[in-house]
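**Q** This is the structure I have questions about; it appears just below.
The values are calculated or read from the model by the stated rules, or taken from the named source; none is laboratory data. Since we're looking at a predicted model, the values are computed, not measured. Don't worry about glycine lacking a Cβ; one is built from the backbone with ideal geometry, like all the others, and counts go over all protein chains shown. Side chains are part of the model used for accessible areas, which takes the heavy atoms of the whole protein and leaves out ligands, DNA and RNA. Shrake-Rupley method; radii C 1.70, N 1.55, O 1.52, S 1.80 Å.
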Amino acid sequence: MRILFTISTIICLLTGGATVTQAQVKKDSTEKKSVAKKAFREGIKLISTSPKDTIVNEKSVDPYLEYSGKIIRNINIERIGFEKSIYDSAKKVKKTVTKLANTLHVDTRQKIIRKHLFIEINKPLNPHELADNERFIRDKDFILDCRIIVTPIEGSDSVDLTVITRYVFSLGATGGGSPTAPKFGVYDANVDGRGQRIQVNMLFDPDRSPNLGYGLLYRKSSIFGSLTNLELQYTQLNNGFSFGDEHEYATFVRLDRQLVSPYTRLAGGGEMSRNWSANVNEKPDSTFLKYSYILYDAWIGYNIGIKKDIANRNRKFLAIRYLDGYYTEQPQQELYRDLRKYNNIFGYLAEFTFYRQNFYKTRYVFGFGRTEDIPYGFTFGITGGYVNQLRIDRPYAALKFNY
């Protein structure tokens, strides 16, 4: 009897049980597609504008307040392609333009968008945090606009989220400078759809030697989903962290994790660079200041108060900074060797900040129809520490207030 029961149970699992599971999966998949399609249509209306639009100010949190505390069941990713104009949802872009854009452009991969999410499935919906995440994605240089649509699930306390994004055309060029010394550059802001930027900048100046100077930049957004950006750069264009008065070449690596939301616990960053003067103007040895230095600069901060009531945006932020810049070669001219800028600097700083910040979503303030996030609130900070320079310890203190 026991053997027959076991065999019949196995048969049930291999036949009827499997059939029920497949049906349920198919039903869930169909429901998920229906929710995403409905949210997609709503997202197009929110992202697109028209020439008749007027300035509309809306608190970024307002669309999500009614869903506060609901459990996030699914997070879907959708996009608006180049075939639709962001400035008019009824207007379609010409097929030839769309075809060319799609040929040259690689869409941002879904997993890359997910690496920029700090909202989580199976967690209660925090309307303020959701608005912060929408803004964080919209601020990326490879995203033109973003909306997160909430779809309630009938008969439950759950909701589905659909992240609607519209990408920028990632390839571009820059130009500037004077007619006799033009600057130009080319870039891809979203190489292979992976949230990474490669840029080459060049300067042609017949009065410098060599005539052509260049800079190379690589940037990766939210490496490993940590919300931390990585940047690598080599430059001959004097646009690094410069202490001295001469034209400088530099190589540096930089990590940066901003405080993306008042509900985020940690923020920080760091930079390590090597900088050296280059005699591109062919000055005489007696006047050219030959020097090189290495710089370490790092900070980390802890956000206090993230467990407060979600409507309470008052926060305290404690941060410390370490700075160490030392010369591997100082100028040979005695006149400059005792100047502060050509000597080693070392220091520690600490800052305690009390702040409250919210955002309005609006248009036509700084841009031409695209969504803009305008902050409002205040910041009050106290900074203290010491700096060692010219072999003398000096205390440092500062107060800051922004409203």
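**Q** Apply the Karplus curve 6.51 cos²θ - 1.76 cosθ + 1.60, θ = phi - 60°, to the phi angles in segment 394-403 and return the couplings in whole Hz, x for Gly and Pro.
**A** 10, x, 10, 8, 7, 10, 9, 9, 10, 9
**Q** Listed here are the pairs K59/K123; K123/K308; K140/K400; K70/K123; K111/K307; which of them are more than 19 Å apart at the Cα?
**A** Cα-Cα > 19 Å for K59/K123; K140/K400; K111/K307; rest within.
**Q** Check cross-link reach from K115 to the aspartates and glutamates: straight Cα distance under 19 Å, and skip same-chain residues fewer than eight apart.
**A** E78, D107, E129, D132, E134, D139, D141, D145, D160, D192, E231, D256
**Q** Another question about this same structure. Is any residue of segment 110-132 close enough, with backbone N under 19 Å, to a label point placed 7 angstrom from the Cα of F366 along the Cα-Cβ axis, and if so, which?
**A** 132
**Q** Let me ask you something else. So how far apart, in nm, are the two label points at A173 and D309 if each is 7 Å from Cα heading toward Cβ?
**A** 5.8
**Q** So how much slack lies between L65 and L216, counting 0.36 nm per residue of separation and subtracting their Cα-Cα distance, in nm?
**A** 49.9 nm
**Q** May I ask you to derive the relative contact order of segment 131-287, considering only C-alpha pairs under 8 Å and at least 6 residues apart, and to give it as an integer percent?
**A** On the way: 307 pairs, mean separation 20.4, N = 157.
For segment 131-287, the relative contact order is 13 percent.
**Q** HN-Hα J couplings of segment 326-331 from phi, Karplus 6.51/-1.76/1.60, θ = phi - 60°, integer Hz, Gly and Pro as x?
**A** 9, 8, 8, 8, 9, x
**Q** Find the Cα radius of gyration of segment 268-324, compare it with 2.2 N^0.38 Å by division, and give the number to two decimals.
**A** In units of the 2.2 N^0.38 Å rule of thumb, it is 2.09.
**Q** A follow-up question, please. Find the Cα radius of gyration of segment 354-403, compare it with 2.2 N^0.38 Å by division, and give the number to two decimals.
**A** For segment 354-403, the normalised Cα radius of gyration comes out at 1.91.
**Q** With charges set only on the Cβ (+1 for Lys and Arg, -1 for Asp and Glu), what does the dipole of segment 176-240 come to about its Cα centre, in debye to the nearest 20?
**A** 160
**Q** Further question on the same structure: Kindly sort F224, F352 by accessible area of their heavy atoms, largest first, with the probe set to 1.4 Å.
**A** F224, F352
**Q** Roughly speaking, what is the stretch gain from Y348 to D393, that is 0.36 nm per residue apart minus the C-alpha to C-alpha distance, in nm to one decimal?
**A** Working: separation 45, 0.36 × 45 = 16.20 nm, distance 1.11 nm.
Working it through step by step, the gained length comes to 15.1 nm.
**Q** Kindly identify segment 210-254 as rounded, prolate or oblate by the Cα gyration tensor criterion: order the square roots of the eigenvalues as a ≥ b ≥ c, call it rounded if a/c is under 1.5, otherwise compare a/b with b/c, prolate if a/b is larger, else oblate.
**A** oblate
**Q** Okay, next question. Could you work out the relative contact order of segment 245-393? I mean the mean sequence separation of Cα pairs under 8 Å and 6+ apart, divided by the number of residues, in percent.
**A** 18
**Q** Determine the share of segment 236-283's accessible area contributed by carbon and sulfur atoms, expressed in whole percent, with a 1.4 angstrom probe.
**A** Values: 1060 of 2140 Å².
Carbon with sulfur: 49 percent of the solvent-accessible area.
**Q** Oh, and also: Would you list the P(r) distribution for segment 209-365, with all Cα-Cα distances sorted into 10 Å bins from 0 and each bin expressed as a whole %?
**A** 9, 27, 27, 20, 12, 4, 0
**Q** If ligands, DNA and RNA are left out, what is the accessible area of T151 with a 1.4 Å probe, given in Å² to the nearest 10?
**A** About 20 Å², rounded to the nearest 10.
**Q** So what is Rg over Rh here for segment 232-287, counting just Cα atoms and using Kirkwood for Rh? Could you put the intermediate results ahead of the total?
**A** Details: Rg = 16.5 Å, Rh = 13.6 Å.
Ratio of gyration radius to Kirkwood radius for segment 232-287: 1.22.
**Q** Could you check the simple spin-label distance between Y336 and A181, using points 7 Å along Cα→Cβ, in nm with one decimal?
**A** 1.8
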